[in-house]
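Step one of this worksheet: look at the structure below.
The values are calculated or read from the model by the stated rules, or taken from the named source; none is laboratory data. Worth saying up front: this structure is predicted, and the values here are computed from it rather than measured. All Cβ positions, even for glycine, are placed from backbone atoms using ideal geometry, and neighbour counts span all protein chains on display. Just the protein is used for accessible areas: all its heavy atoms, side chains included, with ligands, DNA and RNA removed. Shrake-Rupley method; radii C 1.70, N 1.55, O 1.52, S 1.80 Å.
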Amino acid sequence: MYHEPMPPDRVRARRLQIAGQLRAVRLHAKLTQETVSLRAGIALDTYNRIEQGHASPMLDTLIKIADAIGVPLEDLVRQSGQP
């Protein structure tokens, strides 16, 4: 089955939404970016770029970040309006 590629603006908007959720979840857990990056085994500058929406992490990296914060992956990628 062929799917049309997602328009770049929509991809960017979704990436920024995920970045915002990531920041909110991290702050709710009272963790610093440095703590999360160390726990996840990724460079601090890489983590910062992800949280700012300037980088698109691979799925494995998102899983490591979710584990480092102690939340299910779904909490990082849930779209607004979803339960």
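Going through the range 34-73 one residue at a time, which ones are in contact with a Lys or Arg (Cβ under 7 Å, 6 or more places away or on another chain) and not aliphatic (A, V, I, L, M)?
Once the filter is applied, which keeps residues that are in contact with a Lys or Arg (Cβ under 7 Å, 6 or more places away or on another chain) and not aliphatic (A, V, I, L, M), the range 34-73 yields Gly41, Glu51, Gly53, Ser56.
Quickly run through the range 50-83 and pick out the residues that are at pLDDT 95 or above and among the small types (Gly, Ala, Ser).
Ala66, Ala68, Gly70
Cβ-Cβ distance below 7 Å, separation of 6 or more or different chains: which pairs start in the range 52-78 with a residue that is of a type outside the set (Asp, Glu) and end on one that is at pLDDT 95 or above and open to solvent by 80 Å² or more (accessible area, probe 1.4 Å)?
Once the first residue is of a type outside the set (Asp, Glu) and sits in the range 52-78, its partners that are at pLDDT 95 or above and open to solvent by 80 Å² or more (accessible area, probe 1.4 Å) give Ala55/Arg49; Ala68/Arg39.
Would you point out the residue of the range 4-23, among those that are aliphatic (A, V, I, L, M) and over 15 Å from Ala68 (Cβ atoms), that is least open to solvent (accessible area, probe 1.4 Å)?
Among those residues, the one meeting the criterion is Ala19.
Looking at the range 34-64, which of the residues that are outside any helix (DSSP H, G or I) and open to solvent by 100 Å² or more (accessible area, probe 1.4 Å) is farthest from Leu16 (Cα to Cα)?
Met58
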